[in-house]
Amino acid sequence: MSDAEAQNDRGNVLLTNGDVEGAIDCYRAALAIAPEHAEIHFNLANTLAQSGERLAALVSYNRALELDPTHAGAHNNLGNLFRKLHRPPTRWNATGAHFISVHRTRSRATIWAPRCWTCIGPRRR
């Protein structure tokens, strides 16, 4: 087991025991060791969303999806976060430099997407 995985596991235990801030610290320590680990970004995003830091959670979910575009949990939780924020599906890259938004109409989706892809889904009104 690597140091990053040990920190991730420690964060999971702390979160289970109700120490949200301690878990966030462990996940960030794990990402300092292994910044390309999608599951740690996902765990951090879940914990940030739980603590009310929704914008930071949004960035972490997006980073997890950049690293693993097939991560079903990240897609699901990102969609749930957008629903809580009452926003259409939106995506930023890891640096926050590009803004992408999708608005679905009756017959087609309009996409504002400079140089990258976005998650597409129906907009709820």
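Any read-out appearing in this document is the output of simple, stated calculations on the displayed coordinates, not a laboratory observation. Source: prediction; values computed, not measured. Positions of Cβ are generated from backbone atoms using ideal geometry, with glycine treated the same way; all protein chains shown enter the neighbour counts.
Things to note:
- Net charge contributed by nearby residues that have their C-beta within less than 11 Å of T47 (K/R +1, D/E -1): -3
- Spacing of the modelled spin labels on Q50 and A72, each 7 Å from Cα toward Cβ, amounts to 2.1 nm.
- Simple label model, 7 Å out from Cα along Cβ direction - E36 to D9, nm: 2.3
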